[in-house]
1. Considering each of VAL168, VAL178 in turn, give the residue that is loosely packed, with under 15 Cβ neighbours inside 10 Å and either touching a residue at least 60 places away in the same chain (Cβ under 8 Å) or in contact with a helix residue (DSSP H, G or I) (Cβ under 8 Å, 6 or more places away or on another chain) (or both).
2. Scan the stretch 183-206 residue by residue and report those that are surrounded by fewer than 23 Cβ atoms within 10 Å (Cβ to Cβ) and either of a type in the set (Val, Ile, Thr) or within 14 Å of the ligand (Cβ to nearest atom) (or both).
3. Please determine whether any residue of the stretch 131-143 is under 22 Å from HIS242 (Cα atoms), touching a helix residue (DSSP H, G or I) at 6+ places or on another chain (Cβ under 7 Å) and without any contact (Cβ under 8 Å) to a residue 12 or more places away in the chain.
4. Look at GLY69 and say whether it is within 16 Å of the ligand (Cβ to nearest atom), over 13 Å from the mean Cα position of the chain (by Cα), modelled with pLDDT of 95 or more and not in a strand (DSSP E or B).
5. Just checking, how many residues over the stretch 71-98 are touching a residue at least 24 places away in the same chain (Cβ under 8 Å) and surrounded by fewer than 24 Cβ atoms within 10 Å (Cβ to Cβ)?
6. Look at the stretch 44-70 and say how many of its residues are buried (at least 24 other Cβ atoms within 10 Å of the Cβ) and in contact with a Pro (Cβ under 7 Å, 6 or more places away or on another chain).
7. What number of residues within the stretch 48-63 are under 11 Å from the mean Cα position of the chain (by Cα) and over 19 Å from VAL112 (Cα atoms)?
8. Could you count how many residues in the stretch 289-310 are exposed (fewer than 13 other Cβ atoms within 10 Å of the Cβ) and part of a helix (DSSP H, G or I)?
Amino acid sequence: MRPLWCAVLVGCSLIPTVIGGAVDAGGSGEGRLYESVAVSPSVVMALHNNGSNISCVAFDDGLVFFDAGLSTRTASAFRHEMEVRFERPTMALVLTHAHLDHILGMAAFDDVPVYAAAAGRPRWEHFIAVEWDERTIAGYASVFPTLPEELPDAVLRLPTDWFSDELVLGAAEHRLVVRRTGGHTVDSSSAVLGADGVVIAGDLVQARRRPYFGEPDTDFPAWIGTLSNWEALAVKAVCPGHGPVIELDELREIRVWFEDLSAWASKLKTAGVSVEKMVSHPEIPDGYWPDEDAAPGWWAYCIKRVYDAS
Ligand SMILES: [Zn+2]
């Protein structure tokens, strides 16, 4: 049985603010690693584009981190910053799902328990077995451009603690409930810190950017249902897997887009439109993200997935 931690919570503004500015690569001039965004008095999110965001929840006895991003160096820097800021040790890492851009930085947490949903175990075992030859690295680098420079510091290992559908950290009204709902992937897990009205969403929310939903185990009803549940809770802030912290209005916009996309795919499939034509179909629902010059190569996988699921 793992210890339960009591969160330190005082009145919270729930207006995300950047604290301490941007953290660079040790003054080396290599560029910004992340921005620390204060989401609530006990939640800080590292916002950046090199893999997933990393979120930190401060409990009385220590810190719990969610996701490790792609970079061990970035995860280590954020962990150290939070240990100094909250003056307490790191207690655990929770990984929201077994996608490489969320787990490759996990060596920064090799001295604490690591929690993940057991449903993701096959994907974990797949990544741990990868032989990182030049061809494989080039393939992944086409999706994650910084992966070649992050690999030398990366150590992938199985989580130390698996949970099935629910993991509860904290106690009483300051409970942090982690639930595996599936959606983005079968192991997609997220956390609701009820006292703060904060959700740590993993890739169930990919804010202000084109979302990825191209896995065989992507489950649109489960995904939409989870977003709807958070809306019903009237949560105040959502820490996404990628992109900035959002509030309820943008959460609703994302949920509506997924509903529209599912309905659109179903309608066209019923009308006999091929999946190839759907990828570039002019009537695809307008995205909730900023315009781009062109869709990435993986977009076709996403459209195929929603087509197959229709
Ligand atoms: Zn993902």
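The values are calculated or read from the model by the stated rules, or taken from the named source; none is laboratory data. Keep in mind it's a predicted model, so treat the numbers as computed, not measured. Every residue, glycine as well, gets a Cβ built from its backbone with ideal geometry; the counts of neighbours run over all protein chains shown.
1. Within the list VAL168, VAL178, the selection yields VAL168.
2. VAL186, VAL192, GLN206
3. yes
4. It is false that GLY69 is within 16 Å of the ligand (Cβ to nearest atom), over 13 Å from the mean Cα position of the chain (by Cα), modelled with pLDDT of 95 or more and not in a strand (DSSP E or B).
5. Going through the stretch 71-98 one residue at a time, the tally reaches 14.
6. 1
7. 3
8. The total comes to 1.
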